[in-house]
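Report on the structure given below.
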Amino acid sequence: MLISMLASLIRGYTLVDDNEDSVLHIGGIFPIGGKGGWQGGQACEPAAQLALEDVNNRKDLLPGFTLKLHWNDSECEPGLGASVMYNLLYNKPQKLMLLAGCSTVCTTVAEAAKMWNLVVVCTVTVYVCSLYTSENN
């Protein structure tokens, strides 16, 4: 599913510099530390890195492009997660999508990311989707 989303996103993606490598930058907001953190949070970043490595090693997926992850710790705190998101978005390179973990941070990021027309993939997608479904009905 993630690959098909990326493929549809890169159709209109243009590089700023013709000499620049075809790198697609992805932002990650992971709940690594903190007091109220999620215990599974420490596995989010390594799992995302392994997934990107798998995609990058397959020449039949996203041919001509390489995925690169830029991430920071949200500590499972929505305010810090929003700050991490803004830092990822306002600092180069431009991010194509965001990955996030921890329910409260995912909700905050998903609600704000629509302002940038960004795709957000959360480890707690079922929870976030159920929020949007119940709000929109």
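The values are calculated or read from the model by the stated rules, or taken from the named source; none is laboratory data. Just so it is clear, the structure is predicted and the values come from calculations on it, not from any experiment. Please note: Cβ atoms are built from the backbone with ideal geometry, for glycine as well, and neighbour counts cover all protein chains shown. These accessible areas exclude ligands, DNA and RNA; they are computed on the full protein's heavy atoms, side chains included. Shrake-Rupley method; radii C 1.70, N 1.55, O 1.52, S 1.80 Å.
Whether a residue is touching a Phe, Trp or Tyr at 6+ places or on another chain (Cβ under 8 Å) and open to solvent by less than 30 Å² (accessible area, probe 1.4 Å) was assessed, and A112 does not pass this test.
Considering only residues that are among the charged types (D, E, K, R) and at pLDDT below 90, which ones fall in the stretch 91-108?
Within the stretch 91-108, no residue meets the criteria.
Criterion first (at pLDDT below 90 and not hydroxyl-bearing (S, T, Y)) does V119 satisfy it? Taking the combined requirement at face value, the residue does not satisfy it. Listed conditions (1) at pLDDT below 95; (2) under 14 Å from the mean Cα position of the chain (by Cα); (3) aliphatic (A, V, I, L, M) are all met by L69, apart from (1). Residue pairs whose Cβ atoms lie under 6 Å apart, sitting 6 or more positions apart in sequence or on different chains, and linking a residue in the stretch 47-66 that is more than 14 Å from I26 (Cα to Cα) to a partner that is open to solvent by less than 60 Å² (accessible area, probe 1.4 Å), are L61/I3; L61/V55; G64/S22. Annotation for the stretch 37-55: at least one member residue is modelled with pLDDT under 90 and part of a loop (DSSP other than H, G, I, E, B).
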